[in-house]
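Student: Dumping the structure here so I can ask a few things about it.
The values are calculated or read from the model by the stated rules, or taken from the named source; none is laboratory data. The structure displayed is predicted, hence computed values, not measured ones. With ideal geometry, Cβ positions are generated from the backbone for all residues, glycine too; neighbour counts draw on all protein chains shown.
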Amino acid sequence: MKALVFDKSGLDNLRVAEVQAPEPGPHDVLIRVKLAGVNPIDYFAVQYLPVKPMPHIPGAEIYGEVAKVGSHVKGIGVGDSVVVYNRVFDGSCDMCLEGREMLCRSGGIMGVVTNGGFAEYMLAPEKNVMRVDLTPELAASLPVSALTSYHALREAGVKPMDYVVVFGASGNTGQFAVQLAKKMGARVIAVTSKAWVREFADHVVNYGEAQEKVKELTGGRMADAVINSVGSAQWDAGLKVLGVGGRLVFFGGLTGSQVNLDLASVYGRHQRIIGTTGGTRRELMELRELCRDCRVKTWRTYSLDDGGEAVSSVLRERDGRIFIRP
């Protein structure tokens, strides 16, 4: 099969090669990849993260069709349209037993600690595979972009009539954070330079005017919850728009991960700062229905032969999602 492979870190080492297609074990599912989302985690896996095995196939966000199943697989059949829950988990540690598989003490992310899905075929355990009936672009966005946002909003305790401010609202996760917050009944203020986000949010404001506009739009109340998906560049801005008793939830560090923090300001206003990563299998299951009418802004879809360009483009200025179609 054809796959995007690298044998040492660095984008220059990423190439398309013919590799042996994997064979499913008793509890495995072999998936014919139909569309793969490209995310920062894929870029970081290629550039510097310790990965295994080596040579390595990246790709953490996968939608496809079941090609073959193992002898003990019961809930998934050949021909099913599926997505892959991309967290490796043992099911027996305290985090897994609490239903937080993404925090498994011996786990990791597929495409980093296992081969991923930037290939014609991908192998995954049955417990990680879920049937879907969605458009390819939406299905291929559920396991990372939508799930990360949904989990973050749930951790923030978003409820009807909350003011939710989303920084990076046009990004992979941002466009889903806006839509899902709306589904939760929140009043959403998107911070972005992209005008198309107006289709999703109640209000769109530019980065430079965020504090002033949020104050105006909330009548001085400020945000009940802030979603920061972009890292340190918007850290101070996020805190400035956060109201009394507000929750700032963050994930990712595209613009850096080092920040300064005025502790007195945070505890004096009874605010909470929450770091999140990924989401649970149950949340992914919920998204199959909750996000059925979500929309995906696509910037470009690349062939597998142009996969290196797709991965390198994910941190550049773009206008929507990037996909790879094998």
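Student: Starting from region 249-272, take each residue that is farther than 18 Å from residue 225 by Cα and in contact (Cβ under 8 Å) with a residue 24 or more places away in the chain and list its partners that are among the β-branched types (Val, Ile, Thr) and in a loop (DSSP other than H, G, I, E, B), counting only C-beta distances under 7 angstrom and pairs at least six apart or across chains.
Tutor: These pairs meet every condition: 254/230; 255/230.
Student: Given the criterion in contact with a Phe, Trp or Tyr (Cβ under 7 Å, 6 or more places away or on another chain) and touching a residue at least 40 places away in the same chain (Cβ under 8 Å), identify the matching residue among 124, 139.
Tutor: 139
Student: So for region 264-285 (the condition being in contact with a helix residue (DSSP H, G or I) (Cβ under 8 Å, 6 or more places away or on another chain) and modelled with pLDDT under 95), does at least one residue qualify?
Tutor: So far as region 264-285 goes, yes, one or more of its residues are in contact with a helix residue (DSSP H, G or I) (Cβ under 8 Å, 6 or more places away or on another chain) and modelled with pLDDT under 95.
Student: Take residue 34 and decide whether it is farther than 17 Å from residue 308 by Cα and in a strand (DSSP E or B). Working first, answer last.
Tutor: On the way: farther than 17 Å from residue 308 by Cα: yes; in a strand (DSSP E or B): yes.
In short, yes.
Student: Would you please name the residue that is nearest to the chain's Cα centre (by Cα), looking only at residues in region 209-256 that are assigned to a strand (DSSP E or B) and surrounded by fewer than 20 Cβ atoms within 10 Å (Cβ to Cβ)?
Tutor: If we filter region 209-256 for residues that are assigned to a strand (DSSP E or B), which is where we start, we get 223-228, 242-250.
If we keep only those that are surrounded by fewer than 20 Cβ atoms within 10 Å (Cβ to Cβ) as well, we get 244-245.
Values: 244: 29, 245: 27 Å.
Here the answer is 245.
Student: How many of the residues in region 212-234 are of a type in the set (S, T, N, Q) and either modelled with pLDDT of 95 or more or closer than 15 Å to residue 177 by Cα (or both)?
Tutor: Taking region 212-234 first, the residues of a type in the set (S, T, N, Q) are 218, 228-229, 232, 234.
Pick out the ones that are also either modelled with pLDDT of 95 or more or closer than 15 Å to residue 177 by Cα (or both) and you get 218, 228-229.
Within region 212-234, residues that are of a type in the set (S, T, N, Q) and either modelled with pLDDT of 95 or more or closer than 15 Å to residue 177 by Cα (or both) number 3.
Student: Oh, and also: Is region 307-322 home to any residue that is closer than 30 Å to residue 91 by Cβ, surrounded by 15 or more Cβ atoms within 10 Å (Cβ to Cβ), over 14 Å from the mean Cα position of the chain (by Cα) and at pLDDT 95 or above?
Tutor: Within region 307-322, none of the residues are closer than 30 Å to residue 91 by Cβ, surrounded by 15 or more Cβ atoms within 10 Å (Cβ to Cβ), over 14 Å from the mean Cα position of the chain (by Cα) and at pLDDT 95 or above.
Student: Specify the residue that is farthest from the chain's Cα centre (by Cα); the eligible residues are those in region 120-150 that are more than 15 Å from residue 290 (Cβ to Cβ) and of a type in the set (Gly, Ala, Ser).
Tutor: 124
Each row is one residue, and each column tells you yes or no for (1) farther than 27 Å from residue 256 by Cα; (2) at pLDDT 95 or above; (3) in the same structural domain as residue 253 (by TED's automatic domain parsing); (4) not in a strand (DSSP E or B).
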residue: 26; (1), (2), (3), (4): yes, yes, no, yes
residue: 29; (1), (2), (3), (4): yes, yes, no, no
residue: 52; (1), (2), (3), (4): no, yes, no, yes
residue: 72; (1), (2), (3), (4): yes, yes, no, yes
residue: 76; (1), (2), (3), (4): yes, yes, no, yes
residue: 90; (1), (2), (3), (4): yes, yes, no, yes
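Student: Still on this structure: For region 84-113, give me the residue count where each residue is among the aliphatic types (A, V, I, L, M), surrounded by fewer than 17 Cβ atoms within 10 Å (Cβ to Cβ) and within 17 Å of residue 126 (Cα to Cα).
Tutor: Adding up the residues that qualify gives 0.
Student: Restricting to region 135-154, name every residue that is in a loop (DSSP other than H, G, I, E, B) and surrounded by fewer than 21 Cβ atoms within 10 Å (Cβ to Cβ). Can you show your working first?
Tutor: Looking only at region 135-154, we keep the residues that are in a loop (DSSP other than H, G, I, E, B), and these are 135, 140-141.
Answer for region 135-154, where residues must be in a loop (DSSP other than H, G, I, E, B) and surrounded by fewer than 21 Cβ atoms within 10 Å (Cβ to Cβ): just 135.
Student: State all residues of region 278-298 that are surrounded by fewer than 16 Cβ atoms within 10 Å (Cβ to Cβ) and closer than 20 Å to residue 40 by Cβ; if no residue qualifies, say none.
Tutor: Within region 278-298, just 298 meets the criteria.
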